[in-house]
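Notes to accompany the following structure.
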Amino acid sequence: MNLPIRPLLYATICASPMALAQGTDEVPSAKEVAVLTDAPNVPPPITRKHPAHVTVELEVTEVVKRMADGVDYTFWTFGGSVPGKFIRVRQGDLVDFTLKNHPSSKMPHNIDLHAVTGPGGGAKATFTAPGHQTNFSFKALNAGLYIYHCATAPVGMHIANGMYGLILVEPEEGLPPVDREFYVVQGDFYTTGKYGEPGLQGFSMEKAIEENADYVVFNGSVGSMTGEKALKASVGDSVRLFVGNGGPNLVSSFHVIGEIFDKVYYEGGSKTQENVQTTLVPAGGSAICEFTLDTGGDFILVDHSIFRAFNKGALGILNVDGDPDLLVFSGQKKDEVYLPEGGAIQSMPSDSRAAPVATNKEERIKAGQLVYDRNCAACHMPTGVGVPAAFPPLAKSDYLNADVDRAITTVIDGLQGEVTVNGAKYNSIMPKLDLSDEDVANVLTYVYAQWDNDGHEIKPEQVAKVRAAK
């Protein structure tokens, strides 16, 4: 006889062993409390060979945290951070699940676990007012990597505020051992202000409905896996990424620059594909990506819908310690001038129109903004915040403010090699722009006048003097 899922689960908890034997397995005798972790950490693999009665407790909190440098947001969270805690159980486990909603919360919340077989995935059973806790249980019937999320109305708003995470149901035989496992979840956020606009930002329902995300990020914020927070591994390590996409709207084109996935459990299921460059992760879905590190260096995790990576935040770093394998990847062997027949040394083209001559600082700032928008904003961002691990910020830039002549030289000649800006290292290339002395003066005056920089006015004569001294 096929019993409905909720009566079956109720019977699993409350009935006698004799009753349990009628139509379902007995309650596992082994008991344990699930180990829960914050991203990018993953609980240890399950080594037991039998099902267990597993206790999971999650607390919902509404917290103000960093979205980007200078930008805060009120996140609604499972466990205090975005994504929520990583939950790891085994196929066949009986999971006793308690959801607690902190008394300081302003909203009721619940949870829909895609690993649950039953109406609502637990959402109705866990509708929880602030200051309350609810409980239900479910049997982990199907192996796989599953999203969980809040499903309280308006559902999209709760998810958009960060209420999602991953639950892994390991197959009975377990997963093959690897050296490193990491937890990465993408999400799209919709703020009242534009990308990088400072201060505490609110949620924009209008932008969310239009699917016009201001931020697309990994693990809840811009730069969550860069700098000191970069993922760490070593040459020779086998790596497994548990990748989720909380959405609420966008599909991820997940890619690791400089790596090829040896194996992908696509959509978080049991089937695999080999030698994959980029895998799609749908909103409310997942993927398990595995690869071996053959050489050292920094490998960049991105959503290959690439403007999301370099302009909205969907970028992380896997820092691989160890010597490079020059046979696998040589690195740059040479950099020579290329002179096609009739050509000359190449540089970035400049606008052919003559720059208007500014007669005062206000005019210089206005003209400089036009130069900045045409030439600089794509990398350094319209608000000067740059791109973590890729392009340094110009806002509150210690590098920029420390040496005006160096700043002029950088704009004239471009820049290559490692620099440290505001305590972070960058190693990218700024091309030579072939700007006139007037344009260089104007754009630097504009930048110095913005974003809490030192306010210098740069004049064409200064630029000409620096140019002549080279």
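For this structure, a couple of remarks:
- Here Pro382 fulfils each of the conditions (1) touching a Gly at 6+ places or on another chain (Cβ under 8 Å); (2) surrounded by 17 or more Cβ atoms within 10 Å (Cβ to Cβ); (3) closer than 22 Å to Asn311 by Cα apart from (2).
- Test: residue in the stretch 147-168 that is under 20 Å from His53 (Cα atoms), part of a loop (DSSP other than H, G, I, E, B) and modelled with pLDDT of 95 or more: no
- In the stretch 65-105, residue surrounded by the most Cβ atoms within 10 Å (Cβ to Cβ) [restricted to those that are farther than 22 Å from Ala123 by Cβ, in contact (Cβ under 8 Å) with a residue 60 or more places away in the chain and in contact with a Pro (Cβ under 8 Å, 6 or more places away or on another chain)]: Arg90
- Counting the residues of the stretch 140-171 that are in contact with a helix residue (DSSP H, G or I) (Cβ under 7 Å, 6 or more places away or on another chain), surrounded by 22 or more Cβ atoms within 10 Å (Cβ to Cβ) and closer than 13 Å to Ala115 by Cα gives 3.
- Failed condition for Glu457, given (1) surrounded by 15 or more Cβ atoms within 10 Å (Cβ to Cβ); (2) among the acidic types (Asp, Glu); (3) under 20 Å from Thr226 (Cα atoms): (3)
- Within the stretch 258-279, being outside any strand (DSSP E or B) and not hydrophobic (A, V, I, L, M, F, W, C) holds for Gly258, Glu259, Tyr266, Glu267, Gly268, Gly269, Ser270, Lys271, Gln277.
- Subset of the stretch 84-121 [part of a strand (DSSP E or B) and among the polar types (S, T, N, Q)]: Thr98, Asn101
The values are calculated or read from the model by the stated rules, or taken from the named source; none is laboratory data. No experiment lies behind these values; they were computed from the predicted model shown. Virtual Cβ from ideal backbone geometry, glycine too; neighbours counted across all protein chains shown.
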